[in-house]
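Notes follow the structure.
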Amino acid sequence: MTNDIFLQHCEWDGLLAAMVSEEMDEVYAIPESYPRGDYLLAFDPLDGSSNIDINGVVGSIFSVLRRAPDERDAPDQRAFLRPGREQVAAGYAIYGPSTMLVLSVGNGTHGFTLERDVGNFVLTHSDIRIPEDSSEFAINASNERFWEPPVRRYVQECKDGRTGCREHDFNMRWIASMVAEVHRILMRGGVFMYPRDFKTPQMEGRLRLLYEANPMSYIVEQASGLSITGRERILDVTPDGLHQRVPVILGSRNEVDRIQRYHGEYDRGEDKPFTSPLFKERSLFLPETEA
């Protein structure tokens with residue numbers, strides 16, 4: 001239903017040439033009965049839909065590209081398979097206690113809140129800046145056994161808190177809605193991680209590049225944060241399909257920098273071997289050589 005609402009409201013105004021969605025297999029070209037414009041829209045109509053049954057936070061995510069000047073025919077997949085750095089706008093709506101639209105057109109990230117009495121969005125958060133440091137991280141800990149060592153290393157350091165090498169405590173969050181996670185990071189900092197794992201080896205990541213990773217990365221970078229796959233900037237990834245999935249790590253600059261450094265050290269064989277605290281001195285289990 002949400003997907004149909006997007007199509008019906010965006011197909012007739014003459015701004016778009018075509019749309020793609022997480023809920024559609026193919027490109028939706030603007031019907032010939034309507035004028036075609038110069039822009040392409042990619043969207044996730046209802047992010048966090050698993051939260052509907054519990055009345056949790058959900059949202060919508062969108063990404064806008066400009067058509068190539070020489071494209072006059074109805075756009076096909078190739079028109080959308082461009083790196084995220086070519087976006088001209090991106091944003092999301094979050095449907096929570098208040099309805100907000102968070103938007104960037106390349107000059108910072110700004111938040112608008114729906115004023116129901118007048119039926120319009122009012123600028124309430126101008127030039128949002130993500131704090132460079134944070135004490136919060138968001139990740140689905142149930143997948144820990146499938147994570148790569150650099151991610152397990154980072155999360156373990158956060159869990160060790162003030163008794164570990166980071167020397168201060170961290171809080172873990174998980175809402176199961178990317179919109180809600182990113183919104184929290186924009187408001188007060190933090191890191192969101194949906195990293196590569198080996199639960200489904202044939203999948204490089206879990207989140208879709210065109211509909212989730214690219215627009216959210218654009219918003220985060222415009223708010224002075226960083227967004228990576230673990231090893232490269234997400235906005236530099238060239239898609240090879242409409243529904244390509246990628247790992248996503250985004251948020252406060254210094255924390256994302258650290259995670260990227262851990263991936264580099266692991267790939268070069270320079271990182272310290274990850275060991276469970278269960279096998280440290282005075283732990284529950286002794287290594288086999290000491291047993």
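Every number in this text was worked out from the coordinates using simple rules, so none of it is lab data. Predicted model only: the values in this text are computed from it and were never measured. Counting neighbours? That spans all protein chains shown, and the Cβs are built from the backbone with ideal geometry, glycine included.
Per DSSP H run of n ≥ 4, the term is -39500 (n - 2.57); total these for the chain, divide by its residue number, and report the mean residue ellipticity at 222 nm rounded to 500 deg cm²/dmol.
Helix-only estimate at 222 nm: -6000 deg cm²/dmol.
State, as an integer percentage, the relative contact order of the stretch 2-125 based on alpha-carbon contacts under 8 Å between residues 6 or more apart.
16 percent
In whole Å, what is the distance between the alpha-carbon centres of the stretch 193-232 and the stretch 103-147?
Cα centroid of the stretch 193-232 versus Cα centroid of the stretch 103-147: 16 Å apart.
Dividing the Cα convex hull volume of the chain by residue count, how many Å³ per residue is that?
Residue-normalised Cα hull volume stands at 157 Å³.
Students often check this: by mean Cβ neighbours within 10 Å, which of 31-43, 85-97, 213-225, 182-194 ranks highest, and how do the rest follow?
Packing order, densest peptide first, comes out as 213-225, 182-194, 85-97, 31-43.
Using Cβ contacts closer than 10 Å as the measure, can you line up CYS165, CYS158, CYS10 from fewest to most?
Details: CYS165 8, CYS158 20, CYS10 17.
Listing CYS165, CYS158, CYS10 from fewest to most nearby Cβ atoms yields CYS165, CYS10, CYS158.
Suppose a student asked you for the relative contact order of the chain, using Cα pairs under 8 Å spaced at least 6 residues apart; what percent would you report? Display every interim value, and only then the final one.
Numbers: 605 pairs, mean separation 50.3, N = 291.
Over the chain, the number comes to 17 percent.
Write down the radius of gyration of the stretch 50-148 and its Dmax, each obtained from C-alpha positions, in Å.
Looking at the stretch 50-148, its Cα Rg and Dmax stand at 18.1, 50 Å.
What is the ratio of the Cα radius of gyration of the stretch 1-72 to 2.2 N^0.38 Å, with N the residue count, to two decimals? It would help to have the intermediate numbers written out before the result.
Working: Rg = 13.8 Å, N = 72, 2.2 N^0.38 = 11.2 Å.
In units of the globular-protein estimate, the stretch 1-72 measures up at 1.23.
Of all DSSP beta bridges in the stretch 136-278, what percent run antiparallel (nearest 5)?
The antiparallel proportion sits near 70 percent.
Quick one: check the C-alpha center-to-center distance for the stretch 1-30 versus the stretch 49-77, whole angstrom.
Answer, in whole Å: 8.
Quick one: dipole size for the chain, taken about the Cα centre, charges +1 on Lys/Arg Cβ and -1 on Asp/Glu Cβ, in debye to the nearest 20.
Values: 32 positive and 46 negative charges, 150 e Å.
Value, rounded to 20: 720 debye.
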